[in-house]
Amino acid sequence: MTRFRADLLLLACAAIWGFAFLCQKRAMEHVGPFWFVAIRSVLACLALAPLAWRECLGNHGRVTKPEMLRVGIAAGVAFFGAAALQQTGLVTASVTNCGFLTALYVVITPFLAWLMLGQRPGPWIWVAAVLSFFGTWLLGGGSLAALSRGDWLVAASALLWALHVVITGIGARLGMVATFTAVQFVVVALLAGITASFLEPLRFTSVVQAAPDLLYVGILSSALTFTLLAVALRATRAAEATVILSTESLFAAFGAYLLLGERLEFIGWLGAGTIFIATMVVQMPGRSAVAKE
C-alpha cells in the first residue's frame, strides 16, 4: 500500500461517510438512534464475516487472539459511544452542522495520540485548536448558547471519534483488518442492542421503511469504509489520515444542500469554513516530533 493509494482510499471513505449523514438523518423518522446503531452494526458484521473467517484461517499465528480481542473491543466501545452521541444528536441537529462539528475530531486526534502514543504535537496543532473553537462559535451564530442540544451531542462525539481513530491505528498494525473491524462491530451491536431494548420501541414496518438507509450505512459506511480505513492507516499516520477524512463534512454539506435544501447563514458558513481550515492547519510543517512507524 503506497501513500497515494492510501489517500485515495481515505477520500473514498470521506465521500461515503459524508453522504451517510443524509441516510442517518432520514432513518430517524422511522427508528430510534440506538436501534439504528445496532442494526447498522449487525449488517456490518454479516458483510465482514466471510472476510474475517478467511483471515483467521490464513492467519498462521501471526496475531494472537487475546491481542486482537483487546484492541477490537476497545475500538468497539469507542465507536459505540461516538455513534450513539452522533446519532442522537442528528435527531435535532442539521446534517450540515453535524458534518462540520464531527470534523472537530481531526483537531482532537493529535492530542489523543500525544497522550496515548507519545506523538507530541507541534505548534500548529495549538493554532488549529483555537481555530476550531472559533469556528464552532461562528457555526452557532456567534454564540455557543445558540447551538442546539443535538449540536452539542455531535460535538461531544468528536472526542470519541478521535479516540476511535487512534485505536484503529493501533489495530491496523495487527494486519487482520477485516477481523479487527468485525470484532468492533460485534461489540457495537451488543452494546447498542442492549441499550435500545430498554429505551426504544421497534416495529418491523419501521425497519422496512428505513431499510435503504440502514443498508447504505451498515454495508458501505460501516463494513466497507472502516475496513478500508484500517488498511489505509497501515500506510499513513492517524493524524494525517484525518485531514483527508475531514472532507466528509464538505460532502455532507453538499448533499444536504442538494437533497434536503439545508441552508446556513453567512456567519454559519464562515464558522464551517474556519473549522475546515483548522483541519488543514493540523498538517502544517512541524506538526509532530515523532516519525511514522
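The values are calculated or read from the model by the stated rules, or taken from the named source; none is laboratory data. Small disclaimer: the values here were computed from a predicted structure and weren't measured. Cβ coordinates were reconstructed from backbone atoms using ideal geometry, including for glycine residues, and neighbour counts include every protein chain displayed.
Across region 21-62, the number of residues qualifying as aliphatic (A, V, I, L, M), surrounded by fewer than 21 Cβ atoms within 10 Å (Cβ to Cβ) and not in a helix (DSSP H, G or I) comes to 1.
If a residue counts only when it is under 19 Å from the mean Cα position of the chain (by Cα), under 22 Å from Gly141 (Cα atoms) and polar (S, T, N, Q), which helices (runs of 4 or more DSSP H) contained entirely in region 186-276 have at least 1 such residues? Counting at least 1 such residues, we get 248-255.
Output the number of the condition that Leu153 fails; it satisfies all remaining conditions of (1) crowded, with 24+ Cβ neighbours inside 10 Å; (2) more than 26 Å from Leu51 (Cβ to Cβ). Here Leu153 clears every test but (1).
Scanning region 175-215 for residues that are in contact with a Gly (Cβ under 6 Å, 6 or more places away or on another chain) and at pLDDT 95 or above turns up Val187, Val188. Report whether or not Leu159 is surrounded by fewer than 24 Cβ atoms within 10 Å (Cβ to Cβ), among the hydrophobic types (A, V, I, L, M, F, W, C) and within 16 Å of Ala78 (Cβ to Cβ). Taking the combined requirement at face value, the residue satisfies it. Is there a residue in region 94-105 that is over 30 Å from Val187 (Cβ atoms), at pLDDT below 80 and part of a helix (DSSP H, G or I)? Looking for residues that are over 30 Å from Val187 (Cβ atoms), at pLDDT below 80 and part of a helix (DSSP H, G or I), one finds none in region 94-105, hence no. Applying the set (1) crowded, with 19+ Cβ neighbours inside 10 Å; (2) of a type outside the set (Asp, Glu); (3) at pLDDT below 85 to Ala78 leaves exactly one unmet item: (3).
Hey, among the residues in region 21-61 that are polar (S, T, N, Q) and modelled with pLDDT of 90 or more, which one's farthest from Ala253 (Cα to Cα)?
Keep residues of region 21-61 that are polar (S, T, N, Q), which gives 24, 41, 59.
Next, only the ones that are modelled with pLDDT of 90 or more stay: 24, 41.
On the way: Gln24: 14, Ser41: 25 Å.
It comes out as Ser41.
Could we say that Leu224 is touching an Asp or Glu at 6+ places or on another chain (Cβ under 7 Å) and surrounded by 16 or more Cβ atoms within 10 Å (Cβ to Cβ) here? So Leu224 fails the test. Gly18 passes every criterion in (1) at pLDDT below 85; (2) crowded, with 22+ Cβ neighbours inside 10 Å apart from (1).
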